[in-house]
Amino acid sequence: MAAMLLAACAAVPPAPTLAVAQLAPGGTLRAAINYGNPLLATRDATTGEPRGVSVDLARELARRLGVAFEPVIYTAAGKVVEGIKAGAWDVGFFAIDPVRAADTDFSAAYVVIEGAYLVPEGSPIRRNEDVDRPGVRVVVGRGSAYDLYLTRNLKQAGLLRVPTSPEVTNTMVAERIEVAAGVKQQMQADARRVPGLRLLDGRFMEIRQAMAVPKGRAAGAAYVAAFVEEMKASGFIADALKRHGVEGAIVVNPVADPVAGPAPK
């Protein structure tokens, strides 16, 4: 099976010239890699190089385009979005959101992950629905998918934003904040790492991770949209998740006729 997948990946037609020009205008594919979501990208403890599902996808995309690959490293999704205005990257990996769609064209989602709440063990908050109450404060990573979602949906609870998602739980504990919000797997790991914390059952949101291309590159966005569908259908993404030991991320079924565009409302 692995040999068949490798052969399928190798036997691909050349990318359209305009798509290559739009995705790698300087002859190099600059891919925004976000360490703020450890399910998708981390720094290798031995080599110091980026590794993860998004890195594998970016390398494969660069191979198909016939260009060099350059990772552009970020520590938070909000900083990735800021990089759009600076023209710092050509393709990115982050959650689909209507706010982000103002500056980027998204592929369809390739994986779905969950957002979860973490609370102190003795907290009276028992359910996700109990969080949106007067006097409750929720810590989130600034500009993350959770920040954008909770900004729209929390009516009574307040938000405390910290620079990056890995800082969320430590800030909650240090400042005695009522709730921390983030990737479910990260919240689970923090609950094991820090005594006296409890993960709420279920999820408060579903996060649909996609590839993104800055606005104004229609040919490049269309190519990326089709690329993502092929990576889902071929098993490339499922294999990458397994190889990197990622649990809890669900590969989205391929769509028949991919079209890059704004996030669904």
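Among 238, 181, 219, 233, which is crowded, with 22+ Cβ neighbours inside 10 Å and of a type in the set (A, V, I, L, M, F, W, C)?
Working: 238 fails: crowded, with 22+ Cβ neighbours inside 10 Å; 219 fails: crowded, with 22+ Cβ neighbours inside 10 Å; 233 fails: crowded, with 22+ Cβ neighbours inside 10 Å.
After ruling out the rest, the residue left standing is 181.
Which numbered condition trips up residue 92, out of (1) outside the structural domain of residue 230 (by TED's automatic domain parsing); (2) under 13 Å from the mean Cα position of the chain (by Cα)?
Exception for residue 92: condition (1).
Quickly run through the stretch 112-140 and pick out the residues that are of a type in the set (A, V, I, L, M, F, W, C) and at pLDDT 95 or above.
If we filter the stretch 112-140 for residues that are of a type in the set (A, V, I, L, M, F, W, C), which is where we start, we get 112-113, 116, 118-119, 125, 131, 136, 138-140.
Once the filter is applied, which keeps residues that are of a type in the set (A, V, I, L, M, F, W, C) and at pLDDT 95 or above, the stretch 112-140 yields 116, 118, 119, 125, 131, 136, 138, 139, 140.
Against the definition (at pLDDT 95 or above and surrounded by fewer than 21 Cβ atoms within 10 Å (Cβ to Cβ)), how does residue 226 come out, yes or no? Show your work before the answer.
On the way: at pLDDT 95 or above: yes; surrounded by fewer than 21 Cβ atoms within 10 Å (Cβ to Cβ): yes.
Yes: the conditions hold for residue 226.
In the stretch 81-100, which residues are within 18 Å of residue 207 (Cβ to Cβ), at pLDDT 90 or above and β-branched (Val, Ile, Thr)? Give the derivation first.
Within the stretch 81-100, the subset within 18 Å of residue 207 (Cβ to Cβ) is 81, 92-100.
Narrowing further to those that are at pLDDT 90 or above: 92-93, 96.
96 - this is the single residue of the stretch 81-100 that is within 18 Å of residue 207 (Cβ to Cβ), at pLDDT 90 or above and β-branched (Val, Ile, Thr).
State the number of residues belonging to the stretch 191-241 that are closer than 30 Å to residue 128 by Cα and in a loop (DSSP other than H, G, I, E, B).
Of the residues in the stretch 191-241, 8 are closer than 30 Å to residue 128 by Cα and in a loop (DSSP other than H, G, I, E, B).
The values are calculated or read from the model by the stated rules, or taken from the named source; none is laboratory data. All of these numbers come straight from a predicted model, not from anything done at the bench. Because the Cβ atoms are built from the backbone with ideal geometry, glycine has one as well, and the counts that use them run over all protein chains shown.
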